[in-house]
Amino acid sequence: MTSLPPETWTAISLTIELAALTTLILLVVGTPLAWWLARSRAWWKEAAATVIALPLVLPPTVLGFYLLVALGPDGPGGWIARAWNLRTLAFTFQGLVIGSVVYSTPFVVQPIRNAFEAMGDRPLEAAATLRASPWRAFWTVAVPLALPGFLTGAVLGFAHTVGEFGIVLMIGGNIPGKTKVLSVAVYDYVETMQWREANILAGAMAAFAFLVILTMTLLEKRFSRPGRA
Amino acid sequence: MKPKNLLLAWLGLFLVAAIPAQVLAAQTNVAVAANFTEAAKEIAGAFKAKTGHEASLSFGSSGQLYTQITQEAPFEVFLSADEARPKKAIEDGYALPDSRFTYAIGKLVLWSKNPALSAGPEALKAPSFEKLAYCNPLGAPYGAAAIETLKSLKLYEKLQPKLVQGENISQAFQFVDSGNAEMGFVALSQLAKVSGGSRWVVPQDLYTPIRQDAVLLKKGAANQAAVAFLAFLKSPDGVAIVKKYGYGVGDKN
């Protein structure tokens, strides 16, 4: 396509891999979480929801700092790291995935939670009267009804991970093929005044963000058409 | 006189009385390469005590700072970690041609928090460590010096998988300090206040001397505080602080 150096292509594929894996994990972990947040009457529910929402307002450097400490040999990351025969999870792809999952959680969980809440109790009650087990009701009633929420969550989670910078800079170590993602590549280009390369990458990312937001807006319009629950 | 006017008159009198001490006090924005952070803070303090001028310091890698300078950042003085960028700043018309001088000669250190790692060239050959931190060689000359050192020792190819890169030298330090990397190449100045661990000051014949140059930027040409800051950096008081942080001082060119 263009004459971007091969390491840039490595950064692109790495970024996509990171964002896809993060989104997948968040859909698996985030769905029960969102379900619980939407249904539970526990008094501390909103406190839990607030903790999950923290990355929305915390600077990535704050998260990055805590992650650097937590992933290190003296933190919990240290003993998880031993599963991969490592000393630390910083500077590894696994570490970035953990960081991204923390960072992108609210972007996936909140839309799904909203969708579960908007659905209300009725469809599930109806399913129950038809003798559907809760498990079956969840899969055949709740999930299809909340599909727009899942879509929004997945798209936002993916896009937000692609756009992540501060955390990667703090815990990544800028290793090509492992932790050097697109946003860091752009930063390197700017720092060394390779404007042309910076321009191509930054422009492509801006176009990507535009497409994501436009797609989401159009999807939302489609799904929220009157007549649909 | 109405009470209000009286108040204003008193206020005016106070201001006039306050002026003599601060009459020449001005403020200047200084861009400082990250390795010089601690020394620059002390210099700014001494500078203020001596002249009354305020130096506001911004830290980053030399590359990042230089990019900002080309984009009209409000910096008036540039303390780079290399010679190349101040030279380029003059060529590209951002700095005054005659203002460039070497304010410090940086020393590269291999540092570990583990006293037993004994951080010498043999430590680099040992298979017992996983991560070696350094800083981005494109933006920070200490990173380039680290790579040069590894190449001189013929270890670069072998150690490449273990290298982790900080955006600037402060971050390389942080990687070692947080325990995530067992060893790292940092600036000797960063270890001025660090005790314990183990360190190996890399012999000068393994890498090109890190001559750190300063320039007066055009934005600061008319600011007496900017001019005075560079003069202070060259003065015996300034040089004493530079040396205290483990830098060499060279000829002024």
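The values are calculated or read from the model by the stated rules, or taken from the named source; none is laboratory data. Given the structure is predicted, the values throughout are model-derived calculations rather than measurements. We place every Cβ from the backbone using ideal geometry, glycine too, and count neighbours over all the protein chains shown. Each accessible area value is taken on the protein alone, full model and side chains, heavy atoms only, with ligands, DNA and RNA left out. Shrake-Rupley method; radii C 1.70, N 1.55, O 1.52, S 1.80 Å.
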Within the set of pairs 6 or more residues apart or between chains, which connect a residue that is hydroxyl-bearing (Ser, Thr, Tyr) inside the range A:2-25 to a residue that is open to solvent by 30 Å² or more (accessible area, probe 1.4 Å) and not in a helix (DSSP H, G or I) with Cβ atoms less than 7 Å apart? A:Thr10/A:Pro176; A:Thr10/A:Gly177
If you check every pair at least six apart or on different chains, which have Cβ atoms under 6 Å apart with a residue in the range A:184-204 that is at the interface with another protein chain (Cβ under 9 Å from one of its Cβ atoms) first and a residue that is hydrophobic (A, V, I, L, M, F, W, C) and surrounded by fewer than 21 Cβ atoms within 10 Å (Cβ to Cβ) second? A:Val190/A:Ala198; A:Thr192/B:Leu138
Is there a residue in the range B:75-82 that is farther than 24 Å from B:Val194 by Cα and either touching a Phe, Trp or Tyr at 6+ places or on another chain (Cβ under 7 Å) or in a helix (DSSP H, G or I) (or both)? yes
Of (1) in the same structural domain as B:Lys234 (by the TED database); (2) crowded, with 18+ Cβ neighbours inside 10 Å, B:Trp111 fails just (1)
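Residues are listed down the side, and each one gets a yes or a no for (1) in a strand (DSSP E or B); (2) among the basic types (Lys, Arg); (3) at pLDDT 95 or above:
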residue: B:Gln64; (1), (2), (3): no, no, no
residue: B:Lys87; (1), (2), (3): no, yes, yes
residue: B:Thr102; (1), (2), (3): yes, no, yes
residue: B:Ile105; (1), (2), (3): yes, no, yes
residue: B:Val109; (1), (2), (3): yes, no, yes
residue: B:Ala116; (1), (2), (3): no, no, no
residue: B:Gly139; (1), (2), (3): no, no, no
Would you confirm whether any residue within the range B:139-155 is hydrophobic (A, V, I, L, M, F, W, C) and either over 25 Å from the mean Cα position of the chain (by Cα) or more than 22 Å from B:Gln190 (Cβ to Cβ) (or both)? yes
In the set A:Val181, A:Val212, which member is under 23 Å from A:Val108 (Cα atoms) and touching a residue at least 60 places away in the same chain (Cβ under 8 Å)? A:Val181
Filter the range B:138-148 for residues that are within 17 Å of B:Gln174 (Cα to Cα) and within 12 Å of chain A (Cβ to nearest Cβ); which is surrounded by the most Cβ atoms within 10 Å (Cβ to Cβ)? B:Ala140
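Yes or no: A:Thr179 outside any helix (DSSP H, G or I) and within 17 Å of the chain's Cα centre (by Cα)?
Spelling it out, A:Thr179 is indeed outside any helix (DSSP H, G or I) and within 17 Å of the chain's Cα centre (by Cα).
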Could you say which residue among B:Lys154, B:Lys219, B:Lys125 is basic (Lys, Arg) and buried (at least 16 other Cβ atoms within 10 Å of the Cβ)? B:Lys219
Against the condition farther than 13 Å from A:Ile167 by Cβ, open to solvent by 70 Å² or more (accessible area, probe 1.4 Å) and either away from chain B (no Cβ under 14 Å) or touching a strand residue (DSSP E or B) at 6+ places or on another chain (Cβ under 7 Å) (or both), how does A:Leu4 come out, does it pass? no
Among the residues of the range B:161-181, how many are more than 16 Å from A:Phe65 (Cα to Cα) and either more than 7 Å from chain A (Cβ to nearest Cβ) or open to solvent by 40 Å² or more (accessible area, probe 1.4 Å) (or both)? 4
Return the residues of the range B:182-201 that are away from chain A (no Cβ under 14 Å) and more than 19 Å from the chain's Cα centre (by Cα); say none if nothing qualifies. B:Ser195, B:Gly196, B:Gly197, B:Ser198, B:Arg199, B:Trp200
Let me confirm something: among B:Ser189, B:Ser128, which residue is modelled with pLDDT under 95, outside any helix (DSSP H, G or I) and hydroxyl-bearing (Ser, Thr, Tyr)? B:Ser128
In the range A:30-125, which helices (runs of 4 or more DSSP H) lie fully inside it and hold 3 or more residues that are at pLDDT below 90, open to solvent by less than 20 Å² (accessible area, probe 1.4 Å) and touching a helix residue (DSSP H, G or I) at 6+ places or on another chain (Cβ under 9 Å)? A:76-81
Being of a type outside the set (A, V, I, L, M) and surrounded by fewer than 23 Cβ atoms within 10 Å (Cβ to Cβ) is the requirement here; does A:Gly177 meet it? yes
I'd like the full set of residues that are closer than 18 Å to B:Tyr245 by Cα and open to solvent by 60 Å² or more (accessible area, probe 1.4 Å), limited to the range B:50-76. B:Phe59
Residue set B:Ala192, B:Ala231, B:Ala222; condition within 20 Å of B:Leu57 (Cα to Cα) and touching a residue at least 12 places away in the same chain (Cβ under 8 Å); output residue B:Ala192
Checking the conditions here, which among B:Phe47, B:Phe36 is crowded, with 17+ Cβ neighbours inside 10 Å and within 30 Å of A:Pro73 (Cα to Cα)? B:Phe36
